[in-house]
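The values are calculated or read from the model by the stated rules, or taken from the named source; none is laboratory data. The shown structure was predicted, so the numbers you read here are calculated from the model rather than taken from an experiment. In this analysis, Cβ positions are derived from the backbone assuming ideal geometry, glycine residues included, and neighbour counts consider all displayed protein chains. For the accessible areas, the whole protein counts, side chains as well, though only heavy atoms, and no ligand, DNA or RNA atoms are used. Shrake-Rupley method; radii C 1.70, N 1.55, O 1.52, S 1.80 Å.
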Amino acid sequence: MSSSYIFCQAPAKIPAVLCCYEKEVEAGNKVTIVTKNCASMSRFFRELELNATIVHLETIGYKPFLFHPYAFKKLVRKDIEDLGICKGADVRIFFTDICDYSTVFYLSELRHFPVMKIQMQNDIKLNMDRCWDRSDLPFRLRIKERLFSILFGYSFLYTRQDYWGWNLAINTRKYNYPLLDCSDMSVCGRYLVAAPRQFEHCALFFTEPYRNKFQTENDYMRLNRLIITELQKKGYKVGVKGHPRIGLPDGIKDLADFEVQSYLPVEFIDMKSYDFAIGFVSTSVSSASNQIPAYSVLPMCRVIDKNQVDYWYDYLNKLSANKVFYLNDWNDIPNVT
């Protein structure tokens with residue numbers, strides 16, 4: 001029996017990790033899922049009661065280059081030792097991201113084993129692992145990628161992918177890691193979490209602490225409270241869902257009827273157990289619009305930066321294929337009959 005170690009490096013990659021997990025279990029391999037720097041991911045995996053060992057690693061933030069590389073390498077070796085990975089073992093390694101600086105230390109230490117790069121749906125759609133657009137790369141970034149490569153002893157390249165601008169990534173062209181297609185999103189349907197059964201009519205409110213500056217923080221908090229109270233007046237039970245990393249705004253949980261745990265990826269929420277979803281500019285609102293009515297309260301915000309708001313309108317429209325409804329008045333949402 002082979003041992004498969006799947007490194008999950010971001011909440012957005014959980015569907016791909018579960019897809020990989022199911023393939024490895026079906027092949028008869030012993031699976032360990034290793035989460036990094038986001039403890040909520042390991043909590044979610046444990047709640048699924050998978051046939052796998054779940055291990056969480058809390059490395060030194062996301063910027064190990066602030067520390068001496070040799071000191072960081074020593075910590076990584078300790079992590080690998082704690083995982084029980086030893087030279088000569090029948091081990092397969094899977095990882096999800098090529099832009100996580102600390103990943104290079106793990107890949108370097110695990111170079112004696114077969115290593116594969118997991119591809120999620122967007123990786124394939126955007127050709128993220130094969131598209132190396134380096135046209136017009138500024139000279140300063142060429143110098144920077146060279147310095148990073150010398151510092152880490154691993155090859156880095158800057159590449160440009162759509163609207164994300166320049167990203168420093170592991171040079172997978174040089175290392176030629178095999179790519180594993182784990183883009184089958186049907187895996188999410190096997191792990192869905194529904195709304196509480198005691199509530200007949202529910203609304204799902206996606207929110208997070210204030211960070212978008214197109215409105216003031218006071219206005220943002222005012223609208224957060226108003227969304228909950230107005231929907232409750234209409235007869236809905238309101239569930240609040242925070243951001244996977246930064247959670248909920250202060251005081252909002254106490255106003256809602258129930259909380260959908262922040263660590264729960266949106267892909268694993270049973271949307272059809274809700275009447276509709278609502279939020280500001282969350283990508284989760286766009287995702288929900290593929291299954292249920294989804295509202296954005298952007299028109300209700302007291303705007304102080306029109307350019308930012310215009311960007312978010314365009315962003316939500318593209319992401320949802322124009323399925324998100326923009327709420328101008330609470331009467332646009334029907335009362336519970």
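Consider only pairs whose beta carbons are under 9 Å apart and that are at least six residues apart or on different chains; among these, list those whose first residue lies in the range 79-92 and is free of Cβ contacts under 8 Å to residues at least 24 places away in the same chain and whose second residue is assigned to a helix (DSSP H, G or I).
From the range 79-92, the pairs are 86/80.
Quick one: count up the residues across the range 227-237 that are under 19 Å from residue 210 (Cβ atoms) and without any contact (Cβ under 8 Å) to a residue 60 or more places away in the chain.
Counting residues in the range 227-237 that are under 19 Å from residue 210 (Cβ atoms) and without any contact (Cβ under 8 Å) to a residue 60 or more places away in the chain gives 2.
Do you know which residues across the range 293-337 are without any contact (Cβ under 8 Å) to a residue 60 or more places away in the chain, among the aliphatic types (A, V, I, L, M) and open to solvent by 20 Å² or more (accessible area, probe 1.4 Å)?
319, 321
From the set of residues in the range 307-320 that are among the aliphatic types (A, V, I, L, M) and at pLDDT 90 or above, which is farthest from residue 291 (Cα to Cα)?
So, considering only residues that are among the aliphatic types (A, V, I, L, M) and at pLDDT 90 or above, the one farthest from residue 291 (Cα to Cα) is 309.
For every residue, the table says whether it meets (1) within 26 Å of residue 95 (Cβ to Cβ); (2) touching a helix residue (DSSP H, G or I) at 6+ places or on another chain (Cβ under 6 Å).
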| position | (1), (2) |
| --- | --- |
| 169 | yes, no |
| 190 | yes, no |
| 194 | no, yes |
| 201 | no, no |
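Which residue, of 317, 328, is farther than 21 Å from residue 265 by Cβ and part of a loop (DSSP other than H, G, I, E, B)?
328
Considering the range 273-292 alone, what residues qualify as being of a type in the set (Ser, Thr, Tyr) and open to solvent by 10 Å² or more (accessible area, probe 1.4 Å)?
Correct list: 273, 274, 282, 283, 284, 287, 289.
Scan the range 249-273 residue by residue and report those that are touching a residue at least 24 places away in the same chain (Cβ under 8 Å), part of a helix (DSSP H, G or I) and more than 18 Å from residue 294 (Cα to Cα).
Scanning the range 249-273 gives 252, 255.
With respect to residue 336, determine if the residue is in contact with a Phe, Trp or Tyr (Cβ under 9 Å, 6 or more places away or on another chain) and assigned to a loop (DSSP other than H, G, I, E, B).
So residue 336 fits the description; yes.
From the set of residues in the range 26-41 that are modelled with pLDDT of 90 or more, open to solvent by less than 50 Å² (accessible area, probe 1.4 Å) and not hydrophobic (A, V, I, L, M, F, W, C), which is farthest from residue 7 (Cα to Cα)?
Ranking the qualifying residues of the range 26-41, first place goes to 28.
Please go through (1) open to solvent by 30 Å² or more (accessible area, probe 1.4 Å); (2) β-branched (Val, Ile, Thr); (3) farther than 21 Å from residue 312 by Cα; (4) in contact with a Ser or Thr (Cβ under 9 Å, 6 or more places away or on another chain) for residue 246 and return the number of the only condition it doesn't satisfy.
(3)
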